[in-house]
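Notes follow once the structure below has been shown.
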Amino acid sequence: MAIILSGKELAETMRQEMKAEIERLKEKHNLVPGLAVVLIGDDPASVSYVKGKERDCAKVGILSREYKFDADYKEEALLKLINDLNRDIEIHGILVQLPLPNHINEDRVLYAIDPEKDVDGFHPVNVGRMMIGTPGFLPCTPHGIQQLLMRNGIEIEGKHVVIVGRSNIVGKPLAMILVQKKPGANATITICHTRTKNLAEITQSADILVAAAGRPHTVTADMVREGTVVIDVGVNRIEDKTRERGYRLIGDVDFEAVSKKAYAISPVPGGVGPMTRTMLLYNTIQSAKNHAGIE
Ligand code: GUN
């Protein structure tokens, strides 16, 4: 049986560290990190993510302000709100929950956020900084995956990391982060996607295999070599009448079978998800320190 890479446990440890740091910022610098969370519409997954983010902020001592609007909220009004938040000195991070309703241009909204408050790391300025390897906000899921590997003592340098999925939120930025000439990186990367030929052949050559395709059972046991480290980024809702809420979450990996071959594996839930949320807190604290000129 593989070692379980518990994001839930690591997230808890990191949140304790952050709580202590925020207390220090309050005492020494009279600084309270502030996050604005914008939610448009009532997509159940988004509502649940936003609730989680607010709860996380409260637990570590970050001020969080919610802005919730109906699904027909106008793009112009949203751009005006972002403009106000860009200038709001209590707010260090601005998060607009995605996906946005179809009548709103997602790029226009994300590009309107001040890159110095872009704690999601989605603004092209931060994407560019990530690629070059200069300081900026790293997107939360890939940054959380790097932390989950590093803080579990898994060597990344020189390893072949195979990523299945090329999204702008996970696959592409994870490749950029792990290829840098830096500690916790220096990996050789292969990105696979829906047009990849011989997918199983490539995944079998992975030292670290990351499933981020958004589809259950993307990675099955026959695709994994003995001793591989497997990271499951999938969050798929599967109908389950035995649960009160009517569904349960499964990842992109066939956990049951793959965990018998892998050296280590991250579970769903309790793996990458809590790390994503934790890195949002990390970026918000970082932003507050940057704005106050604190090292
Ligand atoms: N929707 C799903 N994941 C994310 C995320 O990491 N950030 C934002 N803003 N929206 C999301």
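Observations, loosely collected:
- Only one entry in T194, T190 is at pLDDT 95 or above, part of a loop (DSSP other than H, G, I, E, B) and hydroxyl-bearing (S, T, Y), namely T194.
- Candidates L281, L249 - the one that is hydrophobic (A, V, I, L, M, F, W, C), in contact with a Cys (Cβ under 8 Å, 6 or more places away or on another chain) and at negative phi: L281
- Looking only at residues in the stretch 130-154 that are among the aliphatic types (A, V, I, L, M) and in contact with a Gly (Cβ under 7 Å, 6 or more places away or on another chain), the one that is surrounded by the fewest Cβ atoms within 10 Å (Cβ to Cβ) is M150.
- Residues in the stretch 213-237 that are in contact with a Ser or Thr (Cβ under 9 Å, 6 or more places away or on another chain), without any contact (Cβ under 8 Å) to a residue 60 or more places away in the chain and either under 22 Å from N168 (Cβ atoms) or surrounded by 17 or more Cβ atoms within 10 Å (Cβ to Cβ) (or both): A213, G214, V219, M223, V224, T228, D232, G234.
- Residue satisfying condition, being under 20 Å from the mean Cα position of the chain (by Cα) and within 30 Å of H291 (Cα to Cα), within set G121, G214, G165: G121
- Count of residues meeting criterion [surrounded by fewer than 17 Cβ atoms within 10 Å (Cβ to Cβ) and either part of a loop (DSSP other than H, G, I, E, B) or in contact with an Asp or Glu (Cβ under 7 Å, 6 or more places away or on another chain) (or both)] in the stretch 197-212: 5
- The stretch 61-78, subset in contact (Cβ under 8 Å) with a residue 24 or more places away in the chain, hydrophobic (A, V, I, L, M, F, W, C) and surrounded by fewer than 16 Cβ atoms within 10 Å (Cβ to Cβ), residue nearest to E23 (Cα to Cα): F69
- Restricting attention to the stretch 130-149, the residues being part of a loop (DSSP other than H, G, I, E, B) and more than 11 Å from the ligand (Cβ to nearest atom) number 6.
- Any hit, the stretch 242-254, residues being exposed (fewer than 15 other Cβ atoms within 10 Å of the Cβ) and polar (S, T, N, Q): yes
- Taken over the stretch 104-129, the residue count meeting the criterion of being in a helix (DSSP H, G or I), within 15 Å of the ligand (Cβ to nearest atom) and either touching a Gly at 6+ places or on another chain (Cβ under 6 Å) or under 15 Å from L281 (Cα atoms) (or both) is 2.
- Residue that is surrounded by the most Cβ atoms within 10 Å (Cβ to Cβ) [pool: residues in the stretch 83-101 that are within 13 Å of the ligand (Cβ to nearest atom) and assigned to a loop (DSSP other than H, G, I, E, B)]: L100
- Qualifying residue in the stretch 40-60 (condition: crowded, with 19+ Cβ neighbours inside 10 Å, part of a loop (DSSP other than H, G, I, E, B) and within 16 Å of the ligand (Cβ to nearest atom)): no
- Meets criteria (more than 24 Å from V60 (Cα to Cα), free of Cβ contacts under 8 Å to residues at least 60 places away in the same chain and either of a type in the set (S, T, N, Q) or part of a helix (DSSP H, G or I) (or both)) for E256: yes
- All positions within the stretch 102-111 that are surrounded by 15 or more Cβ atoms within 10 Å (Cβ to Cβ) and closer than 14 Å to D72 by Cα: I104
The values are calculated or read from the model by the stated rules, or taken from the named source; none is laboratory data. Bear in mind the structure is a predicted one, so any value in this text is a computation, not a measurement. In this analysis, Cβ positions are derived from the backbone assuming ideal geometry, glycine residues included, and neighbour counts consider all displayed protein chains.
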